Every structure is written in structure tokens, then in C-alpha cells.
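Visitor: Handing you a structure now.
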Amino acid sequence: MTENVTISPVLGAEHEVVRELHTQFGADAFVFQTTLDNVPTLWVPRDKLIDVLTFLRKVPRPFVMLYDLSATDERLRQNRLGMPVEDFTVFYHLVSIDRNSDVRIKVALKLDDLKLPTATGIWPNANWYEREAWDLFGVVFEGHPHLSRILLPPKWEGHPLRKDYPARATEFDPFKLDAAKQDLEQEALLFNPEEWGMKRSNKDNTEDFMFLNLGPNHPSAHGAFRIVLQLDGEEILDCVPDIGYHHRGAEKMAERQSWHSFIPYTDRIDYLGGVMNNLPYVLAVEKLAGIEVPDRVKTIRVMLAEFFRITSHLLYLGTYIQDVGGMSPVFFMFTDRMKAYDVIEAITGFRMHPAWYRIGGVAHDLPKGWDRLVREFVEWLPARLKEYEKAALQNSILVARSVDVAQYNKDQALAWGVTGPGLRATGVDFDLRKARPYSGYENFEFDVPVGQHGDAYERAVLRLEEMHQSVRIIKQCLENMPAGPYKADHPLTCPPPKERTLQDIETLITHFLSVSWGPIMPAGESCQMIEATKGINSYYLTSDASTMSYRTRIRTPSFAHLQQIPSVINGSMIPDLIAYLGSIDFVMADVDR
């Protein structure tokens, strides 16, 4: 560890946890790192890691959620910013609901000693995060119950997020798949119950259990998702979710795209979220750059984000009801989505994937007539939502299939990293738009729907109410749209304002370099969390004073939500699993990235 960084004795409320850690373990046990997101970030020695994490989990007003866990290959990093000298970093991002604050714990590791004790005994959702860190970086978590590949095929060689791993297909040898290799790959995909601690028969060996593959090509799996069920008749004794079929290496791609050109890639993470995916990314980049965007930009971003919340929730509700046996609502809801997409297309020029937000602003100003289209939509939709309450949510089929099904409480939700409506259905009133406003959400009046039962039915009810609240927000954007520019007047805004492009050759060259080569962001780290369509989404960016990101960590809600499945559904029946999967609201691109 390097010499400790001095911490001012006058610390903000967000640094209360630093004082508590110093009191418990001594100031010499930590190195404090300054980050641009103001999340208290402390480096700890490996031998104190579990003690520190356990303390944070049990401290008064505890850090109940392991929000994220991942790693960074630091070997090529030039700007260490006073950090310990290390080859790899593993970080733990923890969230306290009671404090409404976070803390980030980091551990420095050498290449020849990439080992850490598992945190699965503190937070059960550390399981998948640690498997991912092993899969992509090669970090070994000692004591992990099943440390194996999770996003990549079992026979994959290497750890792709290491800096010495190629980033382009052209850097690899030509790929050849002969019959022998194909057989090996197929054999590796066969499910072996013993590897997961499952028995093939009951304790008397009188009856064999059935093992059923659901997916990865089943309509109720909502994408390329496979879940293997251990069954005793119709009862689910245990199950193993299997992901990775949709993995595209989005975090690796970010290392070879400019800060500007990576924006379209973000659209494809939650591919139903549209510009909602752009938002945490551009906000995190703007923190790095020190860009404060105009009020008009903030309001435009909020309006389009809420449009996509509505389109995503409409698809969710229609397909969910279809999963449990109701056919009609999905056709009406898809018609409503098309009307929303008509407005989105008129404003942005695209429908599902506009990639419309920019560093420092949006792609262009609102077009003439936008207000008429938005007003027609927000005046028309509420009546439709009222019809859905009667025709869909009060439908006897949906009620019978979802009430008291796949139920969990707030403690279970927090332990598994559940966010969004899935968390609020358990009675936890936590919505980042209210708790930690961003992009001007503090200026809007809206309610946060909260449930109590935490079952599959209530998760649907909350999303319908959220659409009502989105309409309220959009109306306020319509009625109070600020005047002003649609881009910030800042040298790192990309692309630069158009009026600076054609004045003279110097401004044209600046525009050309900024777009093609990309802006150079100052060295530093920043994380931005937002209340996305399916829960909390965030981008944690590391800049090494380059035109590209040194490390882009994409934390998605669906990854955490699928990991929770066995703890909720074991002991239930197969039809309950189908209803549960539909109630989660996930897409596999959001899981696999």
C-alpha cells in the first residue's frame, strides 16, 4: 500500500462511514481515494477485507446491499492519482438505504497472486459477481461455492477484460470449428447435477428426479436464457439459471471506442430502454469532463427518458399477461407503444434505439410541432391505462396466477441486490429520482408507487402506476420546457455546437478531431446511477486522460434479478416460475451485456 492520503477532519455526511471505519480499524488501515462521483472510496489490505465488509454489513444503518462487484486491470494505467501500486483492482460498491449513501471498497492485487476470500457469506448475490470477475479477469475467490464461467462458454480460454487480451476479432487467429471441437463444446453444455450439489434421486433412492431444460429458446424465458430445473413431479426442488448466450463484450468494446462513439452501444444494453441507457453514461462522462448542461437539456432528457419508461412498461405488462394466459392485452398495449414511438421518432429521428443524447447535450433541438404531438399523447394515454386496470389487472386469470406467487420480503430483496419496482413492491420507498435526483428530477412533482406484499401481482400493479407518474412528469416537461441551448458551452462537449463548426478552418478542424478522434477526458473515476426502466442502472467510468475509456463498468438491474430466482421459486410449481419470470421484467442483453 502507498502512503495514506490525508482526509480533512471536516467531512460531509456521505463520509460518515469513513469516520466509522477509522474508529473501528484505525486510519492506517485505509488509503482514501478521491473520485469525481463523491462516493467514499477506500483501499483496504486483503487480510482485512472480510472484516471490513462484515462491519459495514452490520454497522448501525447498515450497508445492506452489495450493489456491484467487479475488477480492473490496472497494468497499463498511467495516471494513478495517488492510488496504491497494483496490477489489478477488485472493488465492492455497497449501498445503505437508511443512509441513502454508498461506499466503495477496493483491494489491490498482483498478477501472480489474484486471490481474495469470497463475500458470499455476507451478501448472497456476491456469487454471480465473483463468478463474473473470475470469468473476465481471472480473479480467484477462495471459498466460493461454484467458481466457474458465467458469461462465456465453459471451454473458453483466457480472461477477456485483461488488457493483454485482444479487443478485435482481427487480432485472433482464424477460427476453426471441426467436428471434434464442436462435440467437446456441446458436451460441456450438458448439465451435471452433481456439480451443483444436486441429487439425482430422493434419499431413499426409490424415485429419480427429473431435470428439465427451460430455454434457451423458450418464449416464456424472455430471451436467450436457460434455467435448469430439478423437479419432483411439478414441484421445483432446485434450479440453476444459466446466462451468457447474449454476451457481446460491451465493456470490452468501450475500451476501443471514443467517449462519443460508444453512445450507440449503450442503447443495446437494455434494448427496450432506448435513451434511458444513454443517460447514466453521458452523465458519468460529464462528471469526468466537468460539464454542467443547460436546464433545457436536462428537461429534454427527462421527457424522453420517461417516454421510454412508458414504452418498456407497456411491453412488460402485455407480455406478462400473455405469459399467464391472457391474449388480448398485448395487442392493445403494442398499439399504444407504437403511438409513443411515433412521438419519439418525430423528436429524435429514430424509434427503439435513437442514441440521441450527447456529451454535454442532445443531438439537436426539439423540432417544430413537438409540443402538439406530446400533448396529444399525454392526454390520450391515461384513459387507456384506466382501461388496463379493469381489463388486465383485474382479470381473474392474472389474479389467480400471480397473487401470493413468487413472494419475497424487503430483507431478501436487499440481500440479492433487487432494485426498481421489484424492491418497491416489498415496501421499500427507494427511487433514485426522489432519493438522489439527477438531470433536474428534483424540479418535478410525482409520486413513487410502493407496495407491501412483494408478489408477482404487485410488481405488475406498480409498473402500471409508474406509467401514470411518467405521464405527469412528461406533462410538466411540456408545460415548463426552458428556453436556451441544447448543448453546453464547454470545450469537451461532443460534438461541439454547430455554430462553431463553419466559422473558419480552425473551428472545422476542432469539430473534425472531436468527433473522429474523440475528446480527451481528464483522468479520474466517476459513477452515475439512474432509476432505469427495470431498476437501478449505472456506468462506472475510469479515464486515463485519453480519447477512450480505460475501464467501463456497466451495472445492470437484470443481472441481479435473475440471480435471485432460485431463492424465490424453489418449492413452487412450474407454472409459478413462468409467472415469476414474466413479473421480473428483464431482457437478456441487460443481463449479459
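Visitor: Go through (1) buried (at least 17 other Cβ atoms within 10 Å of the Cβ); (2) closer than 22 Å to F307 by Cβ; (3) in contact with a helix residue (DSSP H, G or I) (Cβ under 8 Å, 6 or more places away or on another chain) one by one and return the number of the condition Y408 breaks.
Guide: (2)
Visitor: Which one of K487, K498, K475 is crowded, with 22+ Cβ neighbours inside 10 Å and assigned by TED's automatic domain parsing to the domain that holds V293?
Guide: K487
Visitor: When you scan the stretch 429-448, how many residues do you find that are buried (at least 20 other Cβ atoms within 10 Å of the Cβ) and outside any helix (DSSP H, G or I)?
Guide: 4
Visitor: I would also like to ask the following. Could you tell me which residue of the stretch 226-274 is farthest from H313 (Cα to Cα), considering only residues that are aromatic (F, W, Y) and under 17 Å from the mean Cα position of the chain (by Cα)?
Guide: F262
Visitor: Among the residues of the stretch 356-382, which ones are assigned to a loop (DSSP other than H, G, I, E, B) and crowded, with 20+ Cβ neighbours inside 10 Å?
Guide: Listed by number, the residues that qualify are W356, G360.
Visitor: Looking at the stretch 73-97, which of its residues are more than 20 Å from N125 (Cβ to Cβ) and touching a residue at least 40 places away in the same chain (Cβ under 8 Å)?
Guide: Of everything in the stretch 73-97, those that are more than 20 Å from N125 (Cβ to Cβ) and touching a residue at least 40 places away in the same chain (Cβ under 8 Å) turn out to be D73, R75, L76, R77, Q78, N79, L81, G82, M83, P84, V85, F88.
Visitor: Looking only at the stretch 204-216, count every residue that is at pLDDT 80 or above and within 15 Å of D242 (Cα to Cα) and tell me the total.
Guide: Residues that pass the stated criteria total 5.
Visitor: Can you find even one residue in the stretch 401-424 that is more than 22 Å from the chain's Cα centre (by Cα) and without any contact (Cβ under 8 Å) to a residue 24 or more places away in the chain?
Guide: For the stretch 401-424, residues more than 22 Å from the chain's Cα centre (by Cα) and without any contact (Cβ under 8 Å) to a residue 24 or more places away in the chain: absent.
Visitor: Are there any pairs with C-beta distances below 6 angstrom linking a residue in the stretch 44-61 that is within 11 Å of V107 (Cα to Cα) to a residue that is assigned to a helix (DSSP H, G or I) and of a type in the set (V, I, T), with the two at least 6 apart or on different chains, and if so which?
Guide: Taking only residues 6 or more apart or on different chains, the pairs are V44/V52.
Visitor: Right, another one. Among the residues of the stretch 408-427, is any under 19 Å from F586 (Cα atoms), in contact with a Pro (Cβ under 6 Å, 6 or more places away or on another chain), part of a loop (DSSP other than H, G, I, E, B) and of a type outside the set (A, V, I, L, M, F, W, C)?
Guide: Taking every residue of the stretch 408-427 in turn, at least one turns out to be under 19 Å from F586 (Cα atoms), in contact with a Pro (Cβ under 6 Å, 6 or more places away or on another chain), part of a loop (DSSP other than H, G, I, E, B) and of a type outside the set (A, V, I, L, M, F, W, C).
Visitor: Exactly one condition in (1) part of a loop (DSSP other than H, G, I, E, B); (2) out of contact with any Leu (no Cβ under 6 Å at 6 or more places or on another chain); (3) over 17 Å from G244 (Cα atoms) is not met by L116; state its number.
Guide: Here L116 meets the rest and fails (1).
Visitor: On to the next question. Would you say D336 is modelled with pLDDT under 95, assigned by TED's automatic domain parsing to the domain that holds P294, of a type in the set (D, E) and surrounded by 19 or more Cβ atoms within 10 Å (Cβ to Cβ)?
Guide: yes
Visitor: What do you reckon, is T34 among the β-branched types (V, I, T), at pLDDT below 90, touching a Ser or Thr at 6+ places or on another chain (Cβ under 8 Å) and over 25 Å from D135 (Cβ atoms)?
Guide: So T34 passes the test.
Visitor: If you take the residues of the stretch 194-225 that are at positive phi and free of Cβ contacts under 8 Å to residues at least 60 places away in the same chain, which of them is nearest to the chain's Cα centre (by Cα)?
Guide: Filtering first and then ranking leaves G215.
Visitor: For residues that are touching a residue at least 12 places away in the same chain (Cβ under 8 Å) and not in a helix (DSSP H, G or I), tally how many sit in the stretch 383-400.
Guide: Looking only at that region, the number is 1.
Every residue, every condition in (1) surrounded by 13 or more Cβ atoms within 10 Å (Cβ to Cβ); (2) outside the structural domain of R57 (by TED's automatic domain parsing); (3) modelled with pLDDT under 85; (4) not aliphatic (A, V, I, L, M), yes or no:
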| position | (1), (2), (3), (4) |
| --- | --- |
| K115 | no, no, no, yes |
| A119 | yes, no, no, no |
| L152 | yes, yes, no, no |
| A169 | no, yes, yes, no |
| Q186 | no, yes, yes, yes |
| P193 | yes, yes, no, yes |
| N202 | no, yes, yes, yes |
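Visitor: May I pose another question? Quick check, is S220 touching a Leu at 6+ places or on another chain (Cβ under 8 Å) and at pLDDT below 85?
Guide: yes
Visitor: Within the stretch 471-497, how many residues turn out to be more than 32 Å from the chain's Cα centre (by Cα) and either acidic (D, E) or within 19 Å of W259 (Cβ to Cβ) (or both)?
Guide: 0
Visitor: Out of K487, K534, K498, I need the residue that is without any contact (Cβ under 8 Å) to a residue 60 or more places away in the chain and not aliphatic (A, V, I, L, M). Which one?
Guide: K498
Visitor: Scanning the stretch 52-103 for residues that are basic (K, R) and farther than 21 Å from C527 by Cα, which turns out surrounded by the most Cβ atoms within 10 Å (Cβ to Cβ)?
Guide: R57
Visitor: Hey, another quick one. Counting just the residues of the stretch 33-50 that are assigned to a strand (DSSP E or B) and out of contact with any Gly (no Cβ under 9 Å at 6 or more places or on another chain), which one comes out farthest from H15 (Cα to Cα)?
Guide: W43
Visitor: Sticking with this structure for a sec: Only one of (1) over 26 Å from L398 (Cα atoms); (2) modelled with pLDDT under 95; (3) acidic (D, E) fails for D323. Which number is that?
Guide: The one condition D323 does not meet is (1).
The values are calculated or read from the model by the stated rules, or taken from the named source; none is laboratory data. Owing to the predicted nature of the structure, the values given are computational and were not obtained by experimental measurement. All Cβ positions, even for glycine, are placed from backbone atoms using ideal geometry, and neighbour counts span all protein chains on display.
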